[in-house]
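A quick write-up on the structure given underneath.
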Amino acid sequence: MARAIMVQGAGSNVGKSMLVAGLCRHFARTGLRVRPFKPQNMSNNAAVTADGGEIGRAQALQALACGVEPMVDMNPVLLKPETDTGSQVVVQGQRLATVRARDYAALKPQLLAACLGSFRRLAAGCDLVIVEGAGSPAEINLRAGDIANMGFAEAADIPVLLAGDIDRGGVIAQLVGTQAVLTPADAARIKGFLVNKFRGDVPLFEDGMTAIAARTGWAPLGVVPWFDEAWRLPAEDILDIRSAPRAGAFRIAVPRLRRIANFDDLDPLSSDPAVSVEIVPPGRPLPVCDLVLIPGSKTTIADLEAFRAEGWDVDLAAHVRRGGHVLGICGGYQMLGRIIADPEGLEGPARSVKGLGLLDVETVMQPGKHLARVRAEDVETSAGVDGYEIHLGETTGPDTARGWLRRDGQVVGAASADGRVRGCYLHGLFAGDAFRAAYLQRLGANPAARDYGTEVEATLDALADHLARALDIEALDRIARPVALTD
């Protein structure tokens, strides 16, 4: 019978996703069939699954840590923010609706049923499910109808570990304060705690661990030192791309779009010692560089308007005049064209706007999201890549005659007459080592000979070893309890 345990955080960004990935790899290496699960995620960084849906990118990494294909049941509810007050709701891999935050609560009973169904299907086919919470259970204003933290843990009847982040300071207050605001029943569901991201001499925090245990009654499971290799793993947050500790000679500038989406294209580039990836925040001009890479966007027209408001369109035009290269992926590809039309208002008000005009193409947004795992190759070198497409809209025009990728025998993408401006819908391009090397070499870079996939696998192994040294794994294993497969 499958068992389960849930990792929740005393705050956001305490490292839950990485903790779950490392624990998944550890227990998978012991021979258990392990699966990750996150009932509700909020992210525009999605992955396309083999069963034709989309889930949060972090759960795809956790599936890799388990040695299995990602499945929609691993993240049954994915919220993809489109505005400050509204999100697209994806349920078991497929778009359900776009709702305002104030209306989301009405959906929660339906969504809890979907989460429990997915959780039980996963549990029925494995030995251990490691569940990741979202945000913090200390947000007690969200407890009624909760499906992300204690509400789900109660409904599924699973025990909880609580993680705190000492790097931010105040970790004792984080953990003890969380217990103070929880109901007695929710506090009792927490069976142990750990402290993450410790820098320095771990024994110096022994008194802190004792103090937390004394005040909460929870079992201390360990202090996890800072994991120096974290930057080698695919980033869940765009800000984490900047954590790589060195910069190469070939400079890539990436404007940080407000609704940036599916930026995993940057991970293999940022970890290449020959490359420097600079994420350019609003308020700063695009720097002089070799390549401007415009990434995907959840709301292409709105992000294009913000791009112009920042003056980045002027910077981009100057970059092109200097002989620089431009690559647009997905929403970035659409922005590079002459026109973007959204006649049905799929991403906001119905309208048509002028694009950046660097590619002679136009895009029309159409109902029905295109989701597909894709095998493609570089037209010039035949270097292959396994990627995915996830987008609304169809792009057509003269520059598509100069497609630079081949998929299913057809040439796709678009390029300017001089080849310095290119666009495509294919995400995951640069994870292919031969493709990445060929692309960068054409632009004048000298990329290192690498096996990106092997590097990620080795880092997951190192993370698992790191957690095994730091945590009381046997106590953690004892806390996991059998899953009830029916109500």
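The values are calculated or read from the model by the stated rules, or taken from the named source; none is laboratory data. Nothing here was measured: the structure is a model prediction, and the numbers come from that model. We place every Cβ from the backbone using ideal geometry, glycine too, and count neighbours over all the protein chains shown. Side chains included, ligands, DNA and RNA excluded: accessible areas come from the protein's heavy atoms. Shrake-Rupley method; radii C 1.70, N 1.55, O 1.52, S 1.80 Å.
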Under the Karplus relation with 6.51, -1.76 and 1.60 and θ = phi - 60°, whole-Hz ³J(HN,Hα) for the range 323-330, x at Gly and Pro, equal x, x, 9, 9, 10, x, 10, 6
Full extension between Glu229 and Ala211 adds, at 0.36 nm per residue less the Cα distance, a length in nm of 3.5 nm
Straight-line reach check, Lys80, cutoff 30 Å on alpha carbons, 8 or more apart in-chain or any other chain, hits among lysines -> Lys16, Lys38, Lys108, Lys197, Lys298, Lys354, Lys369
From the Cα centre of the range 351-423 to that of the range 161-202, the distance in Å is 47 Å
For the range 85-195, the percent of accessible surface on carbon and sulfur atoms (probe 1.4 angstrom, ligands and nucleic acids excluded) is 57 percent
If amide H atoms are modeled at 1.01 Å from N in the peptide plane, then the residues at a separation of 5 or more from Leu426, or on another chain, having amide H under 5 Å from its own are Cys330
Calculated from DSSP helices alone, with each H run of at least 4 adding -39500 (n - 2.57) and the total divided by the residues of the chain, [θ]222 nm to the nearest 500 comes to -8500 deg cm²/dmol
For Ala261, the residues 5 or more places away or on another chain with a placed amide H closer than 5 Å to its own amide H are Gly296, Ser297, Lys298
For the range 251-371, the per residue accessible area (1.4 Å probe, Å²) is 34 Å²
Given a 1.4 Å probe, the accessible area of the range 43-133 per residue, as a whole number of Å², is 34 Å²
Taking protein heavy atoms only, a 1.4 Å probe, and rounding to whole percent, the accessible area of the range 387-484 owed to carbon and sulfur comes out at 48 percent
Applied in sequence order to the range 453-468, the curve 6.51 cos²θ - 1.76 cosθ + 1.60 (Karplus, θ = phi - 60°) yields integer Hz couplings, x standing for Gly and Pro, of x, 5, 4, 5, 4, 5, 5, 4, 4, 5, 5, 4, 4, 4, 5, 5
Taking only the Cα positions of the range 391-487, the convex hull volume per residue in Å³ is 207 Å³
Residue-ordered couplings for the range 441-452, obtained by feeding phi - 60° into the Karplus form 6.51 cos²θ - 1.76 cosθ + 1.60 and rounding to whole Hz (Gly and Pro as x), are 5, 4, 8, x, 7, 10, x, 6, 6, 9, 10, 4
With all protein chains present, the range 209-357 has a carbon and sulfur share of its accessible area (1.4 Å probe) in percent of 53 percent
For 428-438, 329-339, 262-272, ranked highest to lowest by mean beta-carbon neighbours within 10 Å, the order is 329-339, 262-272, 428-438
Protection proxy (average C-beta count within 10 Å per residue), highest first, orders 287-294, 252-259 as 252-259, 287-294
